[in-house]
Amino acid sequence: MNDPFLNSAYRQLPPESVKLLRQVAAPARLVAHLILVHDVAATLVERITAAFPEINFQQDEVLFGASIHDFGKAIDRAELIEPGMQHEQRGIEMLQSMGISKERARFAYTHANWDSVPTVNFEDLLVSLADKCWKGQRVDKLESKIVALLSAASEKPEWECYAELDEILQGVTKDADARLAWQQSFNAS
């Protein structure tokens, strides 16, 4: 059996996330997806921290959020291959029933709703960004929110922050095809 936990050149998920995913017998494609988004999130954390050392955020929370953001798809498996939003609220509920605080479970919802949640923070935005750019997708409105926060923290002009973020994202998105192919090699059921 092709197991993304064992068959991965990407960074390993946090042990807590692995345990949660194993408890719900998450499908291989979901695990692969979470591995990829987590790996991209780790790259973003490293590169943004290097480019903007003044920005203060919870790096571990970004990595945890990226590793569980689609957790509800362990139940709503049809949403692994077709669009849907039921997995978002179910993900929060499942994670909380497994002992994860509401504060940490929120990533199951905020990753897709960053533009409509009143209390979205930098960590939520980075998880959302990783969930977009792992597959080569760029979202101007999301990037603009991140740039505004980077500019405020660094006191650099927004155009300069955008240029730095753009360079980081170009480096990340160039490998999107390989990541997509790796995810597709795993079964969705």
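The values are calculated or read from the model by the stated rules, or taken from the named source; none is laboratory data. Remember, predicted model here, so these are calculated numbers, not experimental data. Every residue, glycine as well, gets a Cβ built from its backbone with ideal geometry; the counts of neighbours run over all protein chains shown. Remember, those area values only see protein heavy atoms, side chains included, never the ligands or the DNA or RNA. Shrake-Rupley method; radii C 1.70, N 1.55, O 1.52, S 1.80 Å.
Odds and ends about this structure:
- Condition met for Ile75 (within 21 Å of Gln184 (Cα to Cα) and open to solvent by 20 Å² or more (accessible area, probe 1.4 Å)): yes
- Some residue of the range 138-160 being within 12 Å of the chain's Cα centre (by Cα) and either at negative phi or modelled with pLDDT under 95 (or both): no
- Condition met for Ala178 (within 25 Å of Asp3 (Cα to Cα) and in contact (Cβ under 8 Å) with a residue 24 or more places away in the chain): no
- Some residue of the range 124-147 being of a type in the set (Gly, Ala, Ser), open to solvent by less than 20 Å² (accessible area, probe 1.4 Å) and out of contact with any Leu (no Cβ under 7 Å at 6 or more places or on another chain): no
- Out of Ala50, Ala25, sole residue that is under 23 Å from Leu129 (Cα atoms), open to solvent by 20 Å² or more (accessible area, probe 1.4 Å) and either more than 12 Å from the chain's Cα centre (by Cα) or without any contact (Cβ under 8 Å) to a residue 40 or more places away in the chain (or both): Ala50
- Scanning the range 32-44 for residues that are among the β-branched types (Val, Ile, Thr) and either open to solvent by 10 Å² or more (accessible area, probe 1.4 Å) or modelled with pLDDT under 95 (or both) yields a count of 1.
- Scanning the range 90-123 for residues that are assigned to a helix (DSSP H, G or I) and open to solvent by 50 Å² or more (accessible area, probe 1.4 Å) turns up Arg90, Glu93, Gln96, Ser97, Lys102, Glu103, Arg104, Tyr109.
- Complete set of residues in the range 10-22 that are within 19 Å of Glu123 (Cβ to Cβ), part of a helix (DSSP H, G or I) and either under 12 Å from the mean Cα position of the chain (by Cα) or not acidic (Asp, Glu) (or both): Ser17, Leu20
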